[in-house]
Amino acid sequence: MKLLAIDAGHGGEDTGATANGYLEKEVNIVIARRVFDILREKYKNQVELVRDKDYTLDYKARTNKIKNRYKYCLSIHLNAYNGKGTGVLTIPSIFSPNGQKLAKIIADNLSKGLDFKINKYYQEGRKNKSGNDYYYMHRLTGKTKTVIVEVCFLDNLSDMKKLNIEKAARAIVKGFEEFMETI
Ligand SMILES: [Zn+2]
């Protein structure tokens with residue numbers, strides 16, 4: 001297993017959230033690329049970018065690229081909630097104490113680094129009706145510990161004003177490095 005996959009959420013025909021001229025898929029990939037570039041210097045080929053260009057990657061193809069190939073996966077997203085949400089939200093798997101630790105450290109760093117409120121930790125993950133993980137990025141990625149990182153709300157202009165790509169990438173990197181020191 002390699003150390004880390006960085007997944008830029010959505011892509012191609014799947015734009016993700018859209019608001020005020022922003023397309024989530026485009027912001028995700030810019031942040032993901034920067035996180036990748038910084039971490040690559042330290043961890044070399046132990047770090048890979050799951051989606052490096054703007055193309056459609058359905059849930060099966062995406063999770064197949066990740067499942068059991070990496071110890072960790074950071075899936076980079078921006079949130080949307082009818083313009084009413086704000087702040088950072090991270091989601092680990094319900095089955096992964098380490099992922100839960102990583103989710104908290106990354107949320108804390110994004111909150112500190114960009115002055116975002118913590119919207120929610122989902123500190124113990126999020127369950128579906130059958131008691132499994134709610135998100136396929138957790139359900140279908142096997143032993144890989146995935147954390148979904150919703151950096152801020154794309155449909156909230158004040159969040160987007162605070163969203164500095166370099167600072168966001170650095171905060172995610174710092175969170176990951178702090179986490180690595182704890183395990
Ligand atoms: Zn998304």
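The values are calculated or read from the model by the stated rules, or taken from the named source; none is laboratory data. Computed from a prediction, not measured in an experiment: that's the story for all the values here. When we count neighbours, we look across all protein chains shown, and the Cβ atoms used for this are built from the backbone with ideal geometry, even at glycine. These area figures cover heavy atoms from the full protein model, side chains too; ligands, DNA and RNA do not enter into them. Shrake-Rupley method; radii C 1.70, N 1.55, O 1.52, S 1.80 Å.
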Kindly indicate the residue of region 134-168 that is of a type in the set (A, V, I, L, M) and open to solvent by 20 Å² or more (accessible area, probe 1.4 Å) and also farthest from Asp115 (Cα to Cα) among those meeting that condition.
Leu140
Expected output for region 15-41 (first residue among the aliphatic types (A, V, I, L, M), partner within 12 Å of the ligand (Cβ to nearest atom) and in a helix (DSSP H, G or I), Cβ below 6 Å, 6+ apart or cross-chain) is Ala17/Glu24
Exactly one condition in (1) open to solvent by 70 Å² or more (accessible area, probe 1.4 Å); (2) more than 19 Å from Thr141 (Cβ to Cβ); (3) in contact with an Asp or Glu (Cβ under 9 Å, 6 or more places away or on another chain); (4) within 16 Å of the ligand (Cβ to nearest atom) is not met by Ile29; state its number.
(1)
Please work out which residue is surrounded by the fewest Cβ atoms within 10 Å (Cβ to Cβ), limiting yourself to region 89-98 and to residues that are in contact (Cβ under 8 Å) with a residue 24 or more places away in the chain and more than 12 Å from the chain's Cα centre (by Cα).
Phe95
Which of the following residues is open to solvent by 20 Å² or more (accessible area, probe 1.4 Å), out of contact with any helix residue (DSSP H, G or I) (no Cβ under 7 Å at 6 or more places or on another chain) and within 14 Å of the ligand (Cβ to nearest atom): Asn64, Asn79, Asn45?
Asn79
Filtering region 1-26 down to residues that are within 10 Å of the ligand (Cβ to nearest atom) and either among the charged types (D, E, K, R) or modelled with pLDDT under 95 (or both) yields Asp14, Glu24, Lys25
Among residues of region 48-60 being surrounded by fewer than 16 Cβ atoms within 10 Å (Cβ to Cβ) and within 16 Å of the chain's Cα centre (by Cα), the residue farthest from Ile172 (Cα to Cα) is Tyr59
